[in-house]
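**Q** Please find one structure pasted underneath; my questions will follow.
The values are calculated or read from the model by the stated rules, or taken from the named source; none is laboratory data. All figures in this text were calculated on a predicted structure; none of them were measured in a lab. Here the Cβ positions follow ideal geometry from the backbone for every residue, glycine too, while neighbour counts run over all protein chains shown. Please note that ligands, DNA and RNA were not included when accessible areas were found on the heavy atoms of the full protein model with its side chains. Shrake-Rupley method; radii C 1.70, N 1.55, O 1.52, S 1.80 Å.
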Amino acid sequence: MIGSPPRTSPGWRRVAAFAVDYGVILAYLGLLALVGVLGRAVGVLPTEVTTPAGRVAAQLAGIAVLTLPVTLWFAGWEATPAGATPGKRVLGLRVVTTGGERLGWPRSLLRTALKFTVPWELAHTAVWNLLAWPGDGGSAVDMVLLGVANAIIVVDLVSLFLGTRRTPYDRITGTLVTTTG
């Protein structure tokens, strides 16, 4: 129909699309792991990050080589005219504004940060703390960070299957994921 608002996509398609995209991320993680192992073997990368300064440096390096590139990858794909990551393209989905328009770069970046970057970094911070000081059982702050990160993921996932099937990050950014066909 002309002038009708776009319809949201089925939740299962969004989950499947993310699984395809996560396959790309896993391949990138494998490359980073290989570089890390080789870097440590030849003495270019440190082998100990158990000091507070070492942990902070390691986490900042992780943000620089993992989180930032992945965030830019998602946001970049969804800001294209097709409005879709490779996974969304395979599953016939695209991200648009609630008015059915293409996402601009700032909105796409904010959407990705809320969807992916914030929960990922909350979890990374807690995990880094738990790994850097094993045996102390982790602090209450680490448990709260992990709890919040997991709660965000659960709320996002459940929202894909209820009501309008729009996640909190879609509502905040004024976006929705639609079917292309």
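**Q** Using a simple charge model, +1 on the beta-carbon of Lys and Arg, -1 on the beta-carbon of Asp and Glu, nothing else, what dipole does the chain show about its Cα centre, in debye to the nearest 20? Intermediate results must be reported in sequence, preceding the final value.
**A** Values: 15 positive and 9 negative charges, 160 e Å.
It comes to approximately 760 debye.
**Q** Quickly rank 80-91, 30-41, 160-171, 109-120 as a protection proxy: mean count of other C-beta atoms within 10 Å, highest first. Write down the numbers at each step before the final one.
**A** On the way: 80-91: 18.8, 30-41: 11.5, 160-171: 15.8, 109-120: 20.2.
The packing order, highest mean first, is 109-120, 80-91, 160-171, 30-41.
**Q** Could you give me the ³J(HN,Hα) list for the stretch 66-80, computed from phi with Karplus coefficients 6.51, -1.76, 1.60 and θ = phi - 60°, whole Hz, x at Gly and Pro?
**A** 10, 5, 4, x, 5, 4, 5, 4, 4, 4, x, 4, 6, 8, 6
**Q** Taking θ = phi - 60°, what integer Hz values does the Karplus form 6.51 cos²θ - 1.76 cosθ + 1.60 yield along the stretch 19-28, in sequence order, with x for Gly and Pro?
**A** The phi angles translate into 4, 4, 4, 5, x, 5, 4, 4, 5, 5 Hz.
**Q** The list [x] 18.6, 63; [y] 27.6, 120; [z] 15.9, 50 gives values of Rg and Dmax of the Cα atoms in Å, and only one came from this structure; which label was calculated from it?
**A** [x]
**Q** In addition: Once neighbouring chains are kept in place and the probe is 1.4 Å, which whole percent of the accessible area of the chain is contributed by carbon and sulfur? Walk me through the numbers before you get to the answer.
**A** Working: 7220 of 9860 Å².
Roughly 73 percent, rounded to a whole number.
**Q** Under a 5 Å amide H to amide H cut-off, with H placed in plane at 1.01 Å, what residues pair with Leu93 once short-range neighbours are removed?
**A** Result for Leu93 returns Thr180.
**Q** Another question about this same structure. Under a plain spin-label model, where a point goes 7 Å from the Cα along Cα-to-Cβ, how far apart in nm are Val42 and Thr179?
**A** 5.1
**Q** Still on this structure: For every helix of n ≥ 4 consecutive DSSP H residues, a contribution of -39,500 (n - 2.57) applies; sum these over the chain, divide by its total residues, and give [θ] at 222 nm rounded to the nearest 500 deg cm²/dmol. Walk me through the numbers on the way to the answer.
**A** Values: 8 runs with 107 residues, N = 181.
It lands at -19000 deg cm²/dmol.
**Q** Through the Karplus equation 6.51 cos²θ - 1.76 cosθ + 1.60, θ set to phi - 60°, convert the phi angles of the stretch 148-165 into ³J(HN,Hα) values in whole Hz; use x for Gly and Pro.
**A** Ordered by residue, 3J(HN,Hα) equals 5, 4, 5, 5, 4, 5, 5, 4, 4, 5, 4, 5, 5, 10, 10, x, 7, 6 Hz.
**Q** How much accessible area per residue does the chain have, counting only protein heavy atoms and a probe of 1.4 Å, in square angstrom?
**A** Details: 9860 Å² over 181 residues.
I get 54 Å² per residue for the chain.
**Q** Would you please classify the overall shape of the stretch 61-130 from the alpha carbon gyration tensor, given that a ≥ b ≥ c denote the square roots of the eigenvalues, rounded means a/c under 1.5, and beyond that prolate means a/b larger than b/c while oblate covers the rest? Present the calculation step by step, with values, prior to reporting the outcome.
**A** Working: a/c = 2.50, a/b = 2.23, b/c = 1.12.
In terms of gyration-tensor shape, prolate.
**Q** Another question, then. Which order do Trp105, Trp128 take when ranked by solvent-accessible area (1.4 Å probe, heavy atoms of all protein chains), largest first?
**A** Numbers: Trp105 110, Trp128 75 Å².
From most exposed to least exposed: Trp105, Trp128.
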